Amino acid sequence: MDSSIQKSFGEIDIEFNKNSLSKFYQKGASKALLPNNYREYEELVLINTSGGITSGDEYLYKLNLIDSRVSISTQAAEKIYSGLGKCANLNIDINLVKSDVLWLPQEIILFNNCNFARRINLNLDIFSNLVMCETTIFGRTSMQETVERGYFSDLWKINLDEKIIHAEAINFSGDIKEALTNKTNLNDKYAVNTILITGKEFINKAELLDINKYENKNVKIAISQWDNKILIRSIGKNSYYLKFAIIKILTYFLGDNLPNVWNS
């Protein structure tokens, strides 16, 4: 008898051309919705119907935008459950041509003994603008959950006209708790966010951004600006305090273009 455990998979392949949907493909547990809205951006909401990701799961998202303005989010936080064996994989490829994209997925929540690797490869041309917001939660503190061990790899590559302008690589393997509690690392902060902005559309707004307005004893924020990009790093005691601050920062840049799912 085959005792192997069934794994979930999903694939999304979507293209917008001049703000109109020109390709729509979904497979497996990956689904997408295009809710009606009256904002400047078309809205795309990605959904994982499996309810979470665990070892051996495979997901692939391909998103192409041509002369379009699109806000991309997820319906809910992506939960990364415990698992053994082959790690789960999520690969995301986004290509922008004369387009503006708001990449605003809700947070990734890591559970103890998570086993997950993600790769984001984003290519844009000189006429495109990007706001990218990513949050990682190391256990839900409100549920008394702790992440002590596991594997988590997160690799981002952002290319402008086929030349890399930004790269990030995070790799936790084995004792995650030590990194979370170490004073030189996260110092007992369990929620981490990065906002990356590039393109002329939003750069000028950063000059008047006062991050001290959004900080408190539970959230610390730093901002850097160089090579025509903005990087905002935030760490929080938990996801509640961090998300509250992030929404305020995003609202500063985006006005009322924040997707409805962020307020649910």
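The values are calculated or read from the model by the stated rules, or taken from the named source; none is laboratory data. These numbers were taken from a predicted model, which means no experiment stands behind them. Quick reminder, even Gly has a Cβ in these numbers, built from the backbone with ideal geometry, and neighbours come from all protein chains shown.
Here are the numbers:
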quantity	calculated
Sole exception among (1) buried (at least 21 other Cβ atoms within 10 Å of the Cβ); (2) part of a strand (DSSP E or B); (3) in contact with a Phe, Trp or Tyr (Cβ under 8 Å, 6 or more places away or on another chain) for Asn89, by number	(1)
Among residues of the stretch 137-176, those that are out of contact with any helix residue (DSSP H, G or I) (no Cβ under 9 Å at 6 or more places or on another chain), loosely packed, with under 11 Cβ neighbours inside 10 Å and touching a residue at least 40 places away in the same chain (Cβ under 8 Å), counted	0
In the stretch 117-160, residue nearest to Asp93 (Cα to Cα) [restricted to those that are of a type in the set (Asp, Glu) and outside any strand (DSSP E or B)]	Asp125
Subset of the stretch 38-59 that is surrounded by fewer than 14 Cβ atoms within 10 Å (Cβ to Cβ) and touching a residue at least 12 places away in the same chain (Cβ under 8 Å) - its residue that is nearest to Leu104 (Cα to Cα)	Glu40
The stretch 92-116, residues that are aromatic (Phe, Trp, Tyr) and in a loop (DSSP other than H, G, I, E, B)	Phe111
Any hit, the stretch 211-226, residues being among the hydroxyl-bearing types (Ser, Thr, Tyr), modelled with pLDDT of 90 or more, over 30 Å from Glu148 (Cα atoms) and surrounded by 19 or more Cβ atoms within 10 Å (Cβ to Cβ)	no
Restricting the stretch 1-20 to residues that are loosely packed, with under 15 Cβ neighbours inside 10 Å and either of a type in the set (Ser, Thr, Tyr) or modelled with pLDDT under 95 (or both), the residue that is nearest to Val101 (Cα to Cα)	Asn19
